[in-house]
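Participant: Have a look at this one before I ask anything.
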Amino acid sequence: MNEEITKKCSNCSIEKPLQSFHKNKNNKFGVHHLCKKCRKPISKSYRQRPKVKEKRRLYNKKYYRDHREKQILYIKNYSKENADCIKQRHKEYNQRPDVKERINKRLRERYKIPEVRERIQKNVKKHRDREKKTRTERINKIVDDFIEDVIRK
Ligand SMILES: [Zn+2]
């Protein structure tokens, strides 16, 4: 797009470069008649209409299904390349006081449900048992390796 060309937004009447408008093939200059800033609240409320929301949801679902392999690959690659960055961002996000409070509140609420509490306690036990087991296995392996080493000598 040419930076020199400007267009007046039909809502805020400000002359803006074409980059400030969404593309629309059918219009003059190939852009929408409202600037991005003016169009944002409108398109947001449009997107939030139940019918549109449902349509978008279905479209996204279909798109994801049709491009599943590509999407998975993309996510995998992205996560791999940005692992540190993502981890850091999650850490920072989870440490925000408001987020922490929200997470804790949700956990407390969930913990009040007997089935959930039971499941959590069971999981904790399973996790502890597994840890114990892997620790024993690790020690056994070290002993085995050591014995083998001694025998070979
Ligand atoms: Zn505008």
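Participant: Just to confirm my filter: which helices (runs of 4 or more DSSP H) fall fully inside the stretch 31-123 and include at least 2 residues that are polar (S, T, N, Q) and surrounded by 11 or more Cβ atoms within 10 Å (Cβ to Cβ)? Show your work before the answer.
Facilitator: Details: elements: 36-47, 50-66, 68-81, 83-94, 97-111.
Filter on the stretch 31-123 gives 68-81.
Participant: Quick check on my filter: what residues within the stretch 37-77 are in contact with a helix residue (DSSP H, G or I) (Cβ under 7 Å, 6 or more places away or on another chain) and hydroxyl-bearing (Ser, Thr, Tyr)?
Facilitator: Once the filter is applied, which keeps residues that are in contact with a helix residue (DSSP H, G or I) (Cβ under 7 Å, 6 or more places away or on another chain) and hydroxyl-bearing (Ser, Thr, Tyr), the stretch 37-77 yields Tyr46, Tyr64.
Participant: Sticking with this structure for a sec: Which pairs do you get when a residue that is at negative phi, found in the stretch 22-46, comes within reach of a residue that is of a type in the set (Phe, Trp, Tyr) and within 11 Å of the ligand (Cβ to nearest atom), reach meaning Cβ atoms under 9 angstrom, with the pair 6+ apart or on two chains?
Facilitator: Listed by first residue and then by second, the contacts come to Asn27/Phe21; Val31/Phe21; His32/Phe21; His33/Phe21; Leu34/Phe21; Cys35/Phe21; Lys36/Phe21; Arg39/Phe21.
Participant: Taking the criterion of being without any contact (Cβ under 8 Å) to a residue 60 or more places away in the chain, in a helix (DSSP H, G or I) and surrounded by 11 or more Cβ atoms within 10 Å (Cβ to Cβ), would at least one residue in the stretch 5-13 satisfy it? Give the derivation first.
Facilitator: Residues of the stretch 5-13 that are without any contact (Cβ under 8 Å) to a residue 60 or more places away in the chain, as a first pass: 5-13.
Cutting the leftovers down to in a helix (DSSP H, G or I) gives us none.
For the stretch 5-13, residues without any contact (Cβ under 8 Å) to a residue 60 or more places away in the chain, in a helix (DSSP H, G or I) and surrounded by 11 or more Cβ atoms within 10 Å (Cβ to Cβ): absent.
Participant: Of the conditions (1) aromatic (Phe, Trp, Tyr); (2) within 14 Å of the ligand (Cβ to nearest atom); (3) at pLDDT below 90, Tyr46 satisfies every one except a single condition; which number is it?
Facilitator: Every condition holds for Tyr46 apart from (2).
Participant: Could you check, for the stretch 17-25, whether at least one of its residues is more than 16 Å from the ligand (Cβ to nearest atom) and not hydrophobic (A, V, I, L, M, F, W, C)?
Facilitator: If we filter the stretch 17-25 for residues that are more than 16 Å from the ligand (Cβ to nearest atom), which is where we start, we get 25.
Right, trim to not hydrophobic (A, V, I, L, M, F, W, C) and you get 25.
Scanning the stretch 17-25, I find at least one residue that is more than 16 Å from the ligand (Cβ to nearest atom) and not hydrophobic (A, V, I, L, M, F, W, C), so the answer is yes.
The values are calculated or read from the model by the stated rules, or taken from the named source; none is laboratory data. No experiment lies behind these values; they were computed from the predicted model shown. Neighbour counts are summed over all protein chains in view; Cβ atoms, including those assigned to glycine, are modelled from backbone coordinates with ideal geometry.
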